[in-house]
4 protein chains.
Amino acid sequence: MTEPVDEQAHDHAQDHAQHGYIGDKKAYLARLKRIEGQARGLQRMVEDEKYCIDILTQISAMTKALESVALGLLDDHLTHCVVDAAAAGGPEADAKIKEASAAIARLVRS
Amino acid sequence: MTEPVDEQAHDHAQDHAQHGYIGDKKAYLARLKRIEGQARGLQRMVEDEKYCIDILTQISAMTKALESVALGLLDDHLTHCVVDAAAAGGPEADAKIKEASAAIARLVRS
Amino acid sequence: MTEPVDEQAHDHAQDHAQHGYIGDKKAYLARLKRIEGQARGLQRMVEDEKYCIDILTQISAMTKALESVALGLLDDHLTHCVVDAAAAGGPEADAKIKEASAAIARLVRS
Amino acid sequence: MTEPVDEQAHDHAQDHAQHGYIGDKKAYLARLKRIEGQARGLQRMVEDEKYCIDILTQISAMTKALESVALGLLDDHLTHCVVDAAAAGGPEADAKIKEASAAIARLVRS
């Protein structure tokens with residue numbers, strides 16, 4: 001099955017053995033599996049022509065769940081990756097901050 | 001497989017044979033299937049310990065896709081259900097507006 | 001003093017003697033005056049170089065206050081203007097719904 | 001005139017002579033002054049009973065302007081305050097990250 005997710009980006013990331021969220025990996029996977037289930041549940045609701053407002057309520061819940069995963073990952077990223085880069089200093093630190101700020105802007109605006 | 005989605009709500013909706021979105025049902029199902037694929041793609045990214053920022057970018061894209069489905073459903077709901085209730089008049093019309101406003105508030109705040 | 005707000009739009013609106021929010025006009029004005037005060041307070045915080053995080057907390061509070069005014073106005077608009085147009089029927093009703101949906105999309109995305 | 005803004009918080013911040021945004025202080029003040037003008041413009045629109053949808057459009061523009069100020073301040077804060085704390089290390093660095101993450105969560109949810 002083809003998946004619409006673009007996963008090729010940022011080769012430079014591949015050589016990191018550890019990204020900050022590793023400790024909670026199982027917890028993140030469980031949350032994302034639940035979100036996948038919500039997406040499937042929404043399809044059943046549309047298939048069965050459930051009441052629009054009830055579908056919208058489910059979408060709001062799913063959006064909040066996604067947002068919460070994003071905020072967790074961002075906190076992990078700041079705690080590990082950005083702090084490490086800042087401690088090392090130099091242009092890498094600046095680049096990490098710019099990259100994190102851009103990701104935060106996308107979250108705030110989405 | 002158990003699904004975490006709560007689908008029992010609003011019995012009164014069941015007896016509507018037609019909810020406004022029926023015309024676009026196939027299109028909505030395709031969009032939700034794609035969103036389900038994005039949720040699965042996120043799990044693979046976490047499993048493979050992809051770079052946090054790339055995962056956040058995917059989450060922003062998925063949030064926007066969900067938001068766009070919600071806005072489409074809401075427009076359909078206003079166009080059909082709310083307009084019909086308003087044309088019929090009476091307390092039902094008021095109740096429909098209150099219900100739509102509450103759903104809009106949840107979307108704006110999620 | 002010059003104000004950056006664009007107020008010329010929609011001549012067709014001018015001839016409505018009553019827009020739905022009239023009943024709460026004083027309450028809306030009081031809320032907007034408070035929001036204006038928050039904008040002035042933010043300037044003093046920047047002027048005095050207060051701590052960034054405290055300024056961000058104030059901005060979040062002000063954004064929520066604005067959002068809440070918007071949701072109130074939207075509910076008033078749906079209750080009065082949209083319901084009246086729907087009761088009258090015809091292309092005007094459709095146009096009102098499209099216009100309301102576009103405003104909702106702007107709120108959800110802002 | 002009484003202002004509703006709470007400005008007393010975080011004594012510990014007072015002893016910082018420099019908060020990161022100082023370089024752009026004039027630019028931030030100009031943007032906030034413009035936002036204050038938008039708040040005043042909204043009051044005139046309500047006073048004059050302008051069309052609801054036009055008022056909502058202005059509120060969306062004002063929300064975006066506020067959001068953009070917040071993202072700028074947050075970037076400045078990460079670039080200066082958080083990077084400095086990270087370079088110094090220790091529990092202070094962790095505390096700064098937690099504080100920044102909480103502020104980001106408030107922005108994303110507001």
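Ranked by accessible surface with a 1.4 Å probe, highest first, in what order do B:106, A:40, C:34 come? All intermediate terms of the calculation are to be shown ahead of the outcome.
On the way: B:106 90, A:40 55, C:34 125 Å².
The residues order as C:34, B:106, A:40, largest area first.
Comparing the chain by itself with all protein chains present, which residues of the range A:39-57 are at least 40 Å² less accessible (probe 1.4 Å)?
Buried on complex formation: A:40, A:43, A:44, A:46, A:47, A:49, A:50, A:51, A:52, A:53, A:54, A:56.
Nearest 100 Å² is fine: what is the total accessible surface buried where chains D and C meet, probe 1.4 Å?
Details: alone 8880 and 8870 Å², together 11320 Å².
Interface area, both chains combined: 6400 Å², rounded to the nearest 100.
What lysines does residue C:96 reach when the alpha-carbon gap must be under 23 Å and sequence neighbours fewer than 8 apart in one chain are set aside?
B:96, B:98, C:25, D:50
Could you tell me what percent of the accessible area of the range D:22-109 is made up of carbon and sulfur, with a 1.4 Å probe and every protein chain present? The partial results should precede the final answer.
Values: 1810 of 3210 Å².
The nonpolar share, carbon plus sulfur, comes to 56 percent.
Could you name the residue in chain A with the C-beta closest to the rotation axis that superposes chain A on chain D, along with the separation in whole Å?
Rotation axis A onto D, closest Cβ, rounded to whole Å: A:86, 2.
Where does each of A:76, D:24 land when they are ordered by accessible area, with a 1.4 Å probe and the largest first? Don't skip to the answer; put the middle values down first.
Working: A:76 20, D:24 80 Å².
Highest to lowest solvent-accessible surface, that is D:24, A:76.
Name the residue farthest towards the positive end of the dipole of the range C:22-109 from the options C:55, C:97, C:80, assuming +1 on Cβ of Lys and Arg, -1 on Cβ of Asp and Glu, about the Cα centre.
Result: C:55.
Quick one: what are the phi-derived ³J(HN,Hα) couplings along the range C:62-79, Karplus 6.51/-1.76/1.60 with θ = phi - 60°, whole Hz, x for glycine and proline?
5, 4, 5, 5, 4, 4, 5, 4, 4, 5, x, 4, 5, 4, 4, 5, 5, 4
Hey, what's the range C:22-109 come to in accessible area per residue, 1.4 Å probe, Å²? Mind showing how you got there, number by number?
Working: 3200 Å² over 88 residues.
Here the per-residue accessible area is 36 Å².
Copy-to-copy spacing for residue C:34, label 7 Å out on the Cα-to-C-beta vector, in nm, shortest first?
Output for residue C:34: 2.7, 3.4, 4.2 nm, nearest copy listed first.
Between the label point of residue C:91 and that of the same position in each other copy, find the distances and list them shortest first in nm, with every label point placed 7 Å from Cα along the Cα-to-C-beta direction.
Inter-copy label distances (nm, one decimal, shortest first): 3.8, 6.0, 7.1.
What does the convex hull of the alpha-carbon atoms of the range A:22-109 project to on average, in nm²? If you can, show how the numbers build up before the last one.
On the way: hull surface 26.8 nm².
Orientation-averaged projected area of the Cα hull: 6.7 nm².
Quick one: check the C-alpha center-to-center distance for the range A:59-110 versus the range D:39-107, whole angstrom.
16
On a full-extension model of 0.36 nm per residue, what is the gain between residue D:88 and residue D:64, subtracting their alpha-carbon distance, rounded to one decimal in nm?
5.1 nm
Give me a single rounded figure for C:61-69: the average over its residues of other chain Cβ atoms within 10 Å of their Cβ.
Other-chain Cβ atoms within 10 Å of each residue's Cβ, averaged: 6.
The values are calculated or read from the model by the stated rules, or taken from the named source; none is laboratory data. For clarity, every value in this text was computed on a predicted model and none was experimentally measured. Cβ atoms come from the backbone with ideal geometry, glycine included; neighbour counts cover every protein chain shown. For accessibility, only protein heavy atoms count, side chains too; no ligands or nucleic acids. Shrake-Rupley method; radii C 1.70, N 1.55, O 1.52, S 1.80 Å.
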